Amino acid sequence: AQKITQTQPGMFVQEKEAVTLDCTYDTSDPSYGLFWYKQPSSGEMIFLIYQGSYDQQNATEGRYSLNFQKARKSANLVISASQLGDSAMYFCAMRDPDMRFGAGTRLTVKP
Amino acid sequence: GAGVSQSPSNKVTEKGKDVELRCDPISGHTALYWYRQSLGQGLEFLIYFQGNSAPDKSGLPSDRFSAERTGGSVSTLTIQRTQQEDSAVYLCASSLAAGGYEQYFGPGTRLTVT
């Protein structure tokens, strides 16, 4: 069964604008963690942000924030003030405790 | 400090041969993961080691795949009797422990089965 769903295979955003990348998940475990990773064309996986299922506040890391809606089982990534260097694949992942990744969203930032 | 390293970076092998892929995690990291990423696809979980616990092998696609972790550090992923569908990038990651800890990924091994 699919545990992590990213419904946007590709997204475009204008430089300096904000963009939201969607992620929904499915688990019956009350304790889980949600992650977002960035994979540029060079191939390395770069950790961006983490949200624990018991965290009361949405996680933020610089220009990245995670819009955590527990009841809806969604963990969308918001990137503010997009930069050209943000163009990459973005993967949502969940640990419950197995680690599962979504299929990814390719973000392209337009100048 | 040193990150996660993997070797070889590229491996070309003939169908039916066995291959071994190596991962050196970050020193002190007790959790180690193997993933497979086919071209243009997401990451497929393969196996997970946590300390001295029995590994979680639930993601291994067939009995041709196996992995070991010696001394709680270096790990080797072995693929026996390789098939063309095994061609992918194999990524290793380590983290301080299980739970909500960031995973640090290695550069991957690109395996091509001809």
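No value in this document is a laboratory result; all are computed from the given coordinates. Worth saying up front: this structure is predicted, and the values here are computed from it rather than measured. Note: ideal-geometry Cβ built from the backbone for every residue, glycine included; neighbour counts use all protein chains shown.
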*Between B:GLN83 and B:SER58, what is the spin-label point distance in nm, taking each point 7 Å from the Cα along the Cα→C-beta axis?*
2.3
*Shielding score for A:88-97, defined as the mean number of other chain Cβ atoms within 10 Å*: 2
*Efficiency by 1/(1 + (r/R0)^6): what FRET value for A:GLU17 and A:ASP98, r their Cβ-Cβ distance, R0 = 30 Å, to the nearest 0.05?*
0.25
*Rounded to the nearest 0.05, what FRET efficiency do B:GLU20 and A:LYS3 have when you use their Cβ-Cβ distance and R0 = 35 Å?*
0.70
_Show me, for segment B:61-75, the HN-Hα J-couplings you get by feeding each phi into the Karplus relation (A = 6.51, B = -1.76, C = 1.60, θ = phi - 60°), rounded to Hz, glycine and proline as x._
x, 7, 6, 7, 9, 8, 8, 10, 9, 8, x, x, 10, 4, 10
*asked:* I need the GluC sites (Glu not before Pro) found in segment A:1-98, filtered to DSSP loop residues with at most 13 other beta carbons within 10 Å of theirs.
replied: A:GLU15, A:GLU17
*Per-selection Rg to Rh, segment A:1-73 - Cα, Kirkwood hydrodynamic radius*: 0.96
*asked:* Sequence gap of 8 or more, or different chains, plus Cα separation below 23 Å: how many lysine pairs satisfy both in chain A?
replied: 8
*asked:* Net charge within 13 Å of A:ASP96 by Cβ-Cβ distance, Lys/Arg positive one each and Asp/Glu negative one each, not counting A:ASP96 itself?
replied: 0
*Under a 10 Å cutoff between Cα atoms, tell me which one of B:SER38, B:SER58, B:SER95 has the largest fluctuation in the Gaussian network model of chain B.*
B:SER58
*Considering only A:SER31, A:SER74, A:SER87, give the residue with the highest GNM mean-square fluctuation for chain A, with springs between Cα atoms whenever their separation is below 10 Å.*
A:SER31
*Pick from B:THR70, B:THR82, B:THR30: which residue has the top mean-square fluctuation in a GNM of chain B where Cα pairs under 10 Å get a spring?*
B:THR70
